[in-house]
Amino acid sequence: MKKPDRIRLVRLTDVSLKDIVSHMNDPRVAEHMPLLTVEWTPEVARKFVATKEESWKQDGLGHWAILNDKTYVGWGGFQKEGDDWDFGLVLKPDKFGLGMRVSRMAIEFAKADARIGTITFLLPLSRKNLGALSRGGAKFVANIEYGGEIFKKYSLETR
């Protein structure tokens, strides 16, 4: 019997920039990221990681690299957006199926963190299967404009 995969969250600085570049240049990732408008290079990845690390310094929370056993499968985490803590998750296409497990881990983390009373999710219009969000207690807020694109905004109370 196969043992379950072990999901670990580590800092983005703990993974190879090459892995992040390859991941973010996959056209299947871009299908669900309307704000992804440039080809990723090592320099773009380096700036991305530096920006996410700055969030850790400023807010005490940010984005992680996600490992499945010891293999990089994506990134995600929390980002302060005004009064909200937005949760984002970007998995490699062959690991999209891990999304619910990783999201559950993040929601449990948020529930244990006194700073996070509400989690928001901004989802591109290309995302159609949103039943899990509703079943998990998230409520549709509105379609909003962010970075010149329209996203579906959901909110989940953690208390």
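Please work out if K18 is more than 19 Å from G88 (Cα to Cα) and either open to solvent by 80 Å² or more (accessible area, probe 1.4 Å) or assigned to a loop (DSSP other than H, G, I, E, B) (or both).
yes
Out of the residues in segment 71-102 that are free of Cβ contacts under 8 Å to residues at least 24 places away in the same chain and under 26 Å from D26 (Cβ atoms), state the one that is least open to solvent (accessible area, probe 1.4 Å).
Here the residue is G99.
Hey, any hits in segment 31-54 for a residue that's among the aromatic types (F, W, Y), touching a residue at least 40 places away in the same chain (Cβ under 8 Å) and out of contact with any Gly (no Cβ under 7 Å at 6 or more places or on another chain)?
Taking segment 31-54 as the starting set, the residues that turn out to be among the aromatic types (F, W, Y) are 40, 48.
From what's left, touching a residue at least 40 places away in the same chain (Cβ under 8 Å): none.
Within segment 31-54, none of the residues are among the aromatic types (F, W, Y), touching a residue at least 40 places away in the same chain (Cβ under 8 Å) and out of contact with any Gly (no Cβ under 7 Å at 6 or more places or on another chain).
Looking at segment 63-78, which of its residues are over 9 Å from the mean Cα position of the chain (by Cα) and on the phi < 0 side of the Ramachandran plot?
A65, I66, L67, N68, K70, T71, Y72, V73
Looking only at segment 146-159, which residues are part of a strand (DSSP E or B) and closer than 17 Å to W85 by Cα?
Passing the criteria: Y146, F151, K152, K153, Y154, S155, L156, E157.
Restricting to segment 106-123, name every residue that is under 14 Å from L156 (Cβ atoms), of a type outside the set (F, W, Y) and touching a residue at least 24 places away in the same chain (Cβ under 8 Å).
Hits for segment 106-123 are A106, I107, A110, K111, D113, I116, G117, T118, I119, T120, L122, L123.
Name every residue in segment 127-159 that is more than 24 Å from A112 (Cβ to Cβ), open to solvent by 30 Å² or more (accessible area, probe 1.4 Å) and at pLDDT below 85, in order of residue number.
R127, K128, N129, G131
Which members of segment 1-15 meet the condition of being surrounded by fewer than 13 Cβ atoms within 10 Å (Cβ to Cβ) and either on the phi > 0 side of the Ramachandran plot or at pLDDT below 90 (or both)?
Scanning segment 1-15 gives M1, K2, K3, P4.
Kindly check whether there is at least one residue in segment 74-82 that is within 26 Å of G60 (Cβ to Cβ), modelled with pLDDT of 95 or more and of a type in the set (A, V, I, L, M, F, W, C).
yes
Please verify whether segment 43-64 includes one or more residues that are modelled with pLDDT under 95, of a type in the set (D, E) and closer than 29 Å to D84 by Cα.
yes
Just name the residue that is most open to solvent (accessible area, probe 1.4 Å) out of those in segment 38-62 that are under 15 Å from the mean Cα position of the chain (by Cα) and within 17 Å of N25 (Cβ to Cβ).
Looking at the filtered set, the residue picked out is F48.
The values are calculated or read from the model by the stated rules, or taken from the named source; none is laboratory data. Keep in mind the model is a prediction, meaning the values are calculated, not measured. A quick note on method: Cβ atoms are made from the backbone with ideal geometry, for glycine too, and the neighbour counts reach across all protein chains shown. Note: accessible area is taken over every heavy atom of the protein model, side chains too, but ligands, DNA and RNA are not part of it. Shrake-Rupley method; radii C 1.70, N 1.55, O 1.52, S 1.80 Å.
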